[in-house]
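These notes are about the structure you will find just below.
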Amino acid sequence: MILPIFAYGQPILKKKAIDIDKEYEGLSQFIDNLWETMYAAHGVGIAAPQVGHGIRVFVIDTIQIMEDGKKKRE
């Protein structure tokens, strides 16, 4: 599910996110939603607070960075 992305100025973006563990309810589905949201926005990374969740979770796709570095070396 593609989640709404919160823009600059939203209160959730100013709060310190809380630590969670792997037993956090719905974590696997939430991470799947983060990936889907990030790719739909043509991004390379996204954090939970950017979609309105005050927890410490982020995803990042480094393949684009690695591919860009490879092109520069060639």
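We did not get these values from a lab; they are worked out from the coordinates using the rules stated. Bear in mind that the values here come from a model prediction, so they are computed numbers and not experimental data. Neighbour counts run over all protein chains shown; Cβ positions are idealised from the backbone, glycine included.
Considering only 55, 12, 20, the Gaussian network model of the chain with Cα springs below 10 Å gives its largest mean-square fluctuation to 20.
Could you give the longest part of the chain that holds none of the trypsin sites (Lys or Arg not before Pro) found in DSSP loops with at most 12 neighbouring Cβ atoms within 10 Å? Between exposed loop sites, the widest span is 23-74. Ranked by how many other Cβ atoms sit within 10 Å of their own Cβ, fewest first, the residues 38, 1 fall in the order 1, 38.
Note that the chain, at 10 °C in a medium of 1.306 mPa s, gets a Stokes-Einstein diffusion coefficient of 118 µm²/s from its Kirkwood radius over C-alpha pairs.
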